[in-house]
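Colleague: Okay, handing you the structure first.
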């Protein structure tokens, strides 16, 4: 009578072991699943942390440098805008050539500054300042030699001094290394513009004097002929 009891107990133990093994395999599979997905989460977390650190580093620029970047941007925009106006209005080849050089160089300088600003999370102006717009408006009301003369004086003197002063200040006082290097490099380009403007202005003056001299010669010639013809008539 005891044997059936033993068989029953063995069967129960066997079933119990099978159930335990099944539960254990389920737990192991679940654990493996979690282990598989967790590197992704860890990686995502690390990526987020590094992204946050990069953002924090990118915005690490002081207000004085931000202001310098904004002012240099407006100077570039103003030079580009007035140079395009000169290309439209001037009839002088040398003035138009100088204006094209201004567009090319200041567009390149502006693009380089935009890259620096973007890397540091700085938002730059998209148009010249109020005073620069007023100067361009006065310039647009002129034409012919008057326009050429005024444009060359503005680009080679007033605007040059303003832009040069900004870049000089940035190269000497900027805390940001990228801005400092940019300003030092761009200074040489701006200085070459002044030399070009002065040369074009000299040529414009000599051309104007030549025209007025020719006009004076014609006037003198006709006036010298008039008395003699009048005398002959008498």
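Read the figures in this text as sums done on the coordinates, not as results from a lab. Just so you know, these numbers come straight off a predicted model, no measurement behind them. Neighbour counts run over all protein chains shown; Cβ positions are idealised from the backbone, glycine included.
Colleague: With a Förster radius of 35 Å, plug the Cβ-Cβ distance of residue 192 and residue 91 into 1/(1 + (r/R0)^6) and report the FRET value to the nearest 0.05. Walk me through the intermediate numbers first.
Modeller: On the way: r = 25 Å, r/R0 = 0.70.
Taking R0 as 35 Å, the efficiency between residue 192 and residue 91 is 0.90.
Colleague: Right, something else. If you average 1/r across every pair of different Cα atoms in the range 60-211 and take the reciprocal, what Kirkwood value do you get, in Å?
Modeller: 15.9
Colleague: Which of the peptides 183-192, 158-167, 126-135 is most tightly packed, and how do the rest follow, judged by the mean count of other Cβ atoms within 10 Å per residue?
Modeller: 158-167, 183-192, 126-135
Colleague: Hey, fewest Cβ within 10 Å first, where do 61, 116, 123, 72 land in order?
Modeller: Exposure proxy ranking, most exposed first: 123, 116, 61, 72.
Colleague: Which whole-number percentage describes the relative contact order of the range 60-211, with Cα contacts under 8 Å and a sequence gap of 6 or more?
Modeller: Taking the mean separation of contacting Cα pairs over the length of the range 60-211, I get 31 percent.
Colleague: Between residue 169 and residue 111, what length in nm is gained on full extension when 0.36 nm per residue of separation is reduced by their alpha carbon distance?
Modeller: Taking residue 169 through residue 111 to full extension adds about 18.9 nm, to one decimal.
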